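Just below is one structure, and these are the notes that go with it.
The values are calculated or read from the model by the stated rules, or taken from the named source; none is laboratory data. The model shown is predicted, which means the values in this text are computed figures rather than measured ones. Note that we place each Cβ from the backbone using ideal geometry, even for glycine, and neighbour counts take in every protein chain shown.
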Amino acid sequence: MRKRGGGDGVTAFFFILPCMLGFLAFIVFPAVSSLLLSFVEWNFLGGFGAIRWVGFDNFAKLLGGRDVWFNDAIRNTLIFSVVTVPAGLALGLAIAALIHRHTYAPDFLKAVAFIPYISSIVASVVVWQVVLQPSYGPINTILRSMGLANPPKWFVDPKWALPTLMLFQIWQTLGYNIVVFLAGLKGISPELYEAAAIDGASEARIFLSVTVPMISPTMFFLSTMGVISSFKVFDSIRLATQGGPGRATVVTAYYIYREAFEMYRMGMANACAWVMFILIFIVTMLQLRGQNRWVTYDA
């Protein structure tokens, strides 16, 4: 048996070197730089000479409730996540179950449902802004024709702007949830449905006692990814409302953008980024710890 030479290790090193360099350049270095910048006060327009070490002052300002923009960003982000993730999962599972068991041409329906998810976010927001235009949009025109004298102003109404963005988020991600749920539903054994039907279970009981438990691993995956995505939502808010009216739709991702590229406070922006990272990490760990209580894995 021929003994391997030391040249194999060198060859392997050169094969993984591009990946290592990419990981260091685009993951490790930005993360370390962001952590260091969170402890400084820096207007980057002034160059590196404008950097001033402030220690934990940025975190103290954020967590001490002294920044009203950050307070509203955290509140809006939590509301956004709590509403959009469960609603998107519930609608996605219900529609996927209907397509899976009670419709013809499921592939066509999947494609139609998936279109908003793969469409340009810019085009989607523009369409929603036209449809929901307060004065001449078709939705408000229909509402006025039905007798509603003062329909909502949607994106430009402080009370309706955030709910409107929530509806947009649910609509945009619904197709993805449907497709993933359909893949999970196909993995459920038909024998389980047959046994439940023989026992006289109703459609609702079959759905709650068979479909929901067996689809719970898929639901856990979608809920975890949905929470992470909802905490990072930015594009639709930047395009539709820019955090307004006032601070009605500012979220943590938009707050980071505003602090960094509008107010030029790189220290505060990076401190908020790390606060958001820690918050997402805690929520994800709680989800992982709690999965044993409700996720059923088919043996």
Please tell me if Ser38 is free of Cβ contacts under 8 Å to residues at least 12 places away in the same chain, within 28 Å of Ile74 (Cβ to Cβ) and among the polar types (S, T, N, Q).
-> no
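If we scan the range 120-128, do we find a residue that is more than 28 Å from the chain's Cα centre (by Cα) and either hydrophobic (A, V, I, L, M, F, W, C) or surrounded by 15 or more Cβ atoms within 10 Å (Cβ to Cβ) (or both)?
At the first step, the residues of the range 120-128 found to be more than 28 Å from the chain's Cα centre (by Cα) are none.
No, the range 120-128 has no match at all.
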Scan the helices (runs of 4 or more DSSP H) fully inside the range 90-160 and keep the ones with 1 or more residues being within 24 Å of Thr241 (Cβ to Cβ) and of a type in the set (Gly, Ala, Ser).
-> 121-131
State whether the residues of the range 276-295 include one that is touching a residue at least 12 places away in the same chain (Cβ under 8 Å) and crowded, with 19+ Cβ neighbours inside 10 Å.
-> yes
Kindly indicate which of Arg238, Arg205 is of a type in the set (Lys, Arg) and over 17 Å from the mean Cα position of the chain (by Cα).
-> Arg205
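Which members of the range 12-35 meet the condition of being of a type in the set (A, V, I, L, M, F, W, C) and touching a residue at least 24 places away in the same chain (Cβ under 8 Å)? Spell out how you get there, then give the answer.
Going through the range 12-35, the residues of a type in the set (A, V, I, L, M, F, W, C) turn out to be 12-17, 19-21, 23-29, 31-32, 35.
Result: Leu35, single match.
Taking only the range 288-299 into account, find how many residues are among the aliphatic types (A, V, I, L, M) and outside any helix (DSSP H, G or I).
Looking only at the range 288-299, we keep the residues that are among the aliphatic types (A, V, I, L, M), and these are 288, 295, 299.
Narrowing the set further to residues that are outside any helix (DSSP H, G or I) leaves 295, 299.
Number of matching residues: 2.
From the list Ile74, Ile79, Ile95, Ile99, exactly one residue is touching a helix residue (DSSP H, G or I) at 6+ places or on another chain (Cβ under 8 Å), surrounded by fewer than 16 Cβ atoms within 10 Å (Cβ to Cβ) and of a type outside the set (Ser, Thr, Tyr). Which is it? So that I can check it myself, show each step before the final result.
Values: Ile74 fails: surrounded by fewer than 16 Cβ atoms within 10 Å (Cβ to Cβ); Ile95 fails: surrounded by fewer than 16 Cβ atoms within 10 Å (Cβ to Cβ); Ile99 fails: surrounded by fewer than 16 Cβ atoms within 10 Å (Cβ to Cβ).
Testing whether each residue is touching a helix residue (DSSP H, G or I) at 6+ places or on another chain (Cβ under 8 Å), surrounded by fewer than 16 Cβ atoms within 10 Å (Cβ to Cβ) and of a type outside the set (Ser, Thr, Tyr) leaves just Ile79.
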So, in the range 244-256, of the ones that are assigned to a helix (DSSP H, G or I) and among the hydrophobic types (A, V, I, L, M, F, W, C), which residue ends up farthest from Ala161 (Cα to Cα)?
-> Ile256
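Yes/no per residue for (1) buried (at least 16 other Cβ atoms within 10 Å of the Cβ); (2) in contact with a helix residue (DSSP H, G or I) (Cβ under 6 Å, 6 or more places away or on another chain); (3) in a helix (DSSP H, G or I):
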residue	(1), (2), (3)
Thr173	yes, yes, yes
Arg205	no, no, yes
Ser209	no, no, yes
Arg258	yes, no, yes
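Scan the range 71-102 for residues that are closer than 11 Å to Val251 by Cβ and in contact (Cβ under 8 Å) with a residue 40 or more places away in the chain and report the count. Don't jump to the end; show me each part of the working.
Residues of the range 71-102 that are closer than 11 Å to Val251 by Cβ, as a first pass: 72-81.
Then drop every residue that is not in contact (Cβ under 8 Å) with a residue 40 or more places away in the chain, which leaves 72-74, 76-77, 79-81.
Result for the range 71-102: 8.
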Unique match (being over 13 Å from Ala73 (Cα atoms), assigned to a helix (DSSP H, G or I) and within 17 Å of the chain's Cα centre (by Cα)) among Met268, Met276, Met285 = Met285
Go through (1) without any contact (Cβ under 8 Å) to a residue 60 or more places away in the chain; (2) surrounded by 14 or more Cβ atoms within 10 Å (Cβ to Cβ); (3) under 28 Å from Leu165 (Cβ atoms); (4) among the hydrophobic types (A, V, I, L, M, F, W, C) and name the single condition Ile51 misses.
-> (3)
Do we find a residue being farther than 23 Å from Met219 by Cα and at pLDDT below 95 anywhere in the range 76-99?
-> no
Can you tell me which residue in the range 211-246 is surrounded by the fewest Cβ atoms within 10 Å (Cβ to Cβ), limited to those that are without any contact (Cβ under 8 Å) to a residue 60 or more places away in the chain and of a type in the set (Ser, Thr, Tyr)?
-> Ser229
